[in-house]
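Take a look at the structure below.
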Amino acid sequence: MEVPRHWRLKQQRYALVGEVCPHCEGKIFPPRDVCPHCGGEAKTPYTFSGKGTVYSYTIMHDAPAGYDENVPYTVALVKLEEGPMVTAQLTDLDEQGVQIGMPVEMVTRRIRQDGDERGLLVYGYKFRPMIAGAR
Amino acid sequence: MTQTLPENLLLKPNRPVGIIGYGAYVPRYRLPAIEVARVWHGGARGGLPIKEKAVAGLDEDVITMSIEAARNALARAGIHAHALRAVWVGSESHPYAVKPSGTLVAEAIGAGPDIQAGDWEFACKAGTEALVAAMGLVGSGMGRYALAIGMDTAQGRPGDALEYTAASGGAAYILGPAEEGLAQIEFSYSYVSDTPDFWRRAHARYPEHGQRFTGEPAYFKHITEAGSRLMRAAGTTAADYAYAVFHQPNTKFPQRAALLLGFSEEQIAPGLLSPVIGNTYAGAAMIGLSATLDVAKPGDRILVVSFGSGAGSDAFQILVGEAIEERRNKAMRTQDYIARRTEIDYATYARLRGKITLK
Ligand SMILES: [Zn+2]
């Protein structure tokens, strides 16, 4: 099934949908239609598991416009279990805070609102500490 | 003139309908009721309605919470989201006044564009109203799978009695052919009347409630009518059910509803979550059922009766099947979310729930 590109871009933001390379099986995020590993064309959508580990992080005290209601918040480089690295906010942190190597999982959350309380709400992926439980 | 029941009182689908997958969600923050009492009354005056309630984080709302519950339901169902023909969200705290929650939830879980995606409203029974509609869609053969969600981030006016209990959480259900189900919804029955117990006008931030209308003529009347009429039409008694779940605005109301309908404390125990998560409004009966399915055995029957102000109740008779044992382990259980707990004080609560405005 051919998925229209605009829909795939929303999927990228809401659900970590990237691409898988048909030539070398490399997983690609964000989707760019060209495989960074082998240079071949790669347009097959691939939904990432959402599981990964914290590679590094920083705590934001001064936020860009639209994000200021959330300060302070943590932005991390997350290494996905399929390979790619993504930059994302961490959420639902407990008293223990963040450690390098901490297992995290993707959740879809409110990222910001466009302008004031009349504006559009923007949703996208963040990562939270893995919850203990059945899966 | 004596009132007689309609001949076909029970809503029974032509094609048997089952629960294919289900999933719960509870946010991590907890506000103890004693903390609300401390701020407004200098401490507890008499009994508190619950122990603590679940509070959504700054970046959570009905859409994000519905997405997580739906992902859990899909994991248990083992179907691709493209197979869904409806994504219905019942809530009284949709993030937008105009713009559906269902379309965004559908895209985030990977459903295709070939779906019904309206939002449902009927105070605290918006979720079970969507569940009845999903039974109709699947039971008529119009669609194979339908997703119905009950989810809320309920708000009480600061200092109001509802502030102790108004909480965040809910659950999602994927219905499909009974033969694929982990449980069968054998039939449902709904009882409604125009009752002025609780309301919120279009531009009002917090709800109003008619004090003397909330208990007897509203909650107890509709729950007991829906429950007893379903059981009379089905020829069952409370002893035929392993478990029962009632809408739970606090701890005492569902306990008394159970007593009035002949159910024991043990029968309602697994689904009585209000003491530890509060009243999740449209999510309350739905998440009570998910916690019950987490522990039920094949062959168990479950009676579920929701309640929505305004007012009405939806009652369901559910028969648990063999597939429950294997499928309940495919996603987070309701109690896994309840165990994830960070206690907050009233000031943090006020910030998380937007009770402090910066401009
Ligand atoms: Zn490649």
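The values are calculated or read from the model by the stated rules, or taken from the named source; none is laboratory data. These numbers were taken from a predicted model, which means no experiment stands behind them. Cβ sites come from the backbone with ideal geometry, for glycine too, and all protein chains shown count toward neighbours. Ligands, DNA and RNA are stripped out before the accessible areas are found, and what is left, the full protein with its side chains, is counted by its heavy atoms. Shrake-Rupley method; radii C 1.70, N 1.55, O 1.52, S 1.80 Å.
So that you can scan it fast, the table gives a plain yes or no per residue for (1) in a strand (DSSP E or B); (2) in the same structural domain as B:Ala282 (by TED's automatic domain parsing); (3) more than 20 Å from the chain's Cα centre (by Cα):
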| residue | (1), (2), (3) |
| --- | --- |
| B:Tyr189 | yes, yes, no |
| B:Pro196 | no, yes, yes |
| B:Ala204 | no, yes, yes |
| B:Tyr219 | no, yes, no |
| B:Thr224 | no, yes, no |
| B:Gly227 | no, yes, no |
| B:Leu230 | no, yes, no |
| B:Arg256 | no, yes, no |
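For (1) among the small types (Gly, Ala, Ser); (2) free of Cβ contacts under 8 Å to residues at least 12 places away in the same chain; (3) within 24 Å of B:Pro32 (Cα to Cα); (4) open to solvent by 20 Å² or more (accessible area, probe 1.4 Å), each residue gets a yes or a no:
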site	(1), (2), (3), (4)
B:Leu272	no, no, yes, yes
B:Pro275	no, no, yes, yes
B:Ala285	yes, no, yes, no
B:Gly310	yes, no, no, yes
B:Glu326	no, yes, no, yes
B:Asp336	no, yes, yes, yes
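Being on the phi < 0 side of the Ramachandran plot, within 16 Å of the ligand (Cβ to nearest atom), assigned to a loop (DSSP other than H, G, I, E, B) and open to solvent by 30 Å² or more (accessible area, probe 1.4 Å) is the requirement here; does A:Pro64 meet it? Spelling it out, it is not the case that A:Pro64 is on the phi < 0 side of the Ramachandran plot, within 16 Å of the ligand (Cβ to nearest atom), assigned to a loop (DSSP other than H, G, I, E, B) and open to solvent by 30 Å² or more (accessible area, probe 1.4 Å). From the list B:Ala75, B:Ala56, B:Ala69, B:Ala83, the lone residue that is open to solvent by 20 Å² or more (accessible area, probe 1.4 Å), within 14 Å of chain A (Cβ to nearest Cβ) and either under 20 Å from B:Met135 (Cβ atoms) or touching a Pro at 6+ places or on another chain (Cβ under 6 Å) (or both) is B:Ala83. Restricting the stretch A:20-46 to residues that are in contact with a Gly (Cβ under 7 Å, 6 or more places away or on another chain) and closer than 17 Å to A:Tyr125 by Cβ leaves a set whose member that is farthest from the ligand (Cβ to nearest atom) is A:Pro30. From the set of residues in the stretch B:232-254 that are in a loop (DSSP other than H, G, I, E, B) and among the small types (Gly, Ala, Ser), which is most open to solvent (accessible area, probe 1.4 Å)? Here the residue is B:Gly235. Where helices (runs of 4 or more DSSP H) sit wholly within the stretch B:1-116, those with at least 2 residues that are under 24 Å from A:Leu90 (Cα atoms) occupy B:62-77, B:101-109. Being away from the ligand (no atom under 16 Å from the Cβ) and either assigned to a loop (DSSP other than H, G, I, E, B) or touching a helix residue (DSSP H, G or I) at 6+ places or on another chain (Cβ under 8 Å) (or both) is a description that applies to A:Ser49.
Yes or no: the stretch B:338-359 includes at least one residue that is in contact with a Phe, Trp or Tyr (Cβ under 6 Å, 6 or more places away or on another chain), of a type outside the set (S, T, N, Q), modelled with pLDDT of 95 or more and open to solvent by 10 Å² or more (accessible area, probe 1.4 Å). Scanning the stretch B:338-359, I find at least one residue that is in contact with a Phe, Trp or Tyr (Cβ under 6 Å, 6 or more places away or on another chain), of a type outside the set (S, T, N, Q), modelled with pLDDT of 95 or more and open to solvent by 10 Å² or more (accessible area, probe 1.4 Å), so the answer is yes. Screening the candidates B:Gly227, B:Gly150, B:Gly156, B:Gly215 for the property of being open to solvent by less than 40 Å² (accessible area, probe 1.4 Å) and touching an Asp or Glu at 6+ places or on another chain (Cβ under 8 Å) yields one hit, B:Gly156. Checked against (1) part of a loop (DSSP other than H, G, I, E, B); (2) open to solvent by less than 40 Å² (accessible area, probe 1.4 Å); (3) within 12 Å of another protein chain (Cβ to nearest Cβ); (4) not hydroxyl-bearing (Ser, Thr, Tyr), A:Glu105 meets all criteria but (1).
More than 20 Å from B:Val105 (Cβ to Cβ) and among the β-branched types (Val, Ile, Thr): does that describe A:Val98? Here the answer is yes, as A:Val98 does meet what is asked. Taken together, the residues in the stretch A:75-89 that are away from chain B (no Cβ under 11 Å) and under 20 Å from B:Asp61 (Cα atoms) amount to 1.
Do we find that A:Glu69 is closer than 19 Å to B:Tyr29 by Cβ, more than 17 Å from the chain's Cα centre (by Cα) and either open to solvent by 30 Å² or more (accessible area, probe 1.4 Å) or of a type in the set (Lys, Arg) (or both) in this structure? Answer is yes for this residue.
Kindly indicate whether any position in the stretch A:17-40 is in contact (Cβ under 8 Å) with a residue 60 or more places away in the chain, over 30 Å from B:Arg30 (Cβ atoms) and either within 16 Å of the chain's Cα centre (by Cα) or open to solvent by less than 60 Å² (accessible area, probe 1.4 Å) (or both). Yes - at least one qualifying residue is present in the stretch A:17-40. Can you find even one residue in the stretch B:134-141 that is surrounded by 24 or more Cβ atoms within 10 Å (Cβ to Cβ) and assigned to a loop (DSSP other than H, G, I, E, B)? So far as the stretch B:134-141 goes, no, none of its residues is surrounded by 24 or more Cβ atoms within 10 Å (Cβ to Cβ) and assigned to a loop (DSSP other than H, G, I, E, B). Can you find even one residue in the stretch A:118-132 that is more than 10 Å from chain B (Cβ to nearest Cβ), assigned to a strand (DSSP E or B) and open to solvent by less than 30 Å² (accessible area, probe 1.4 Å)? Yes.
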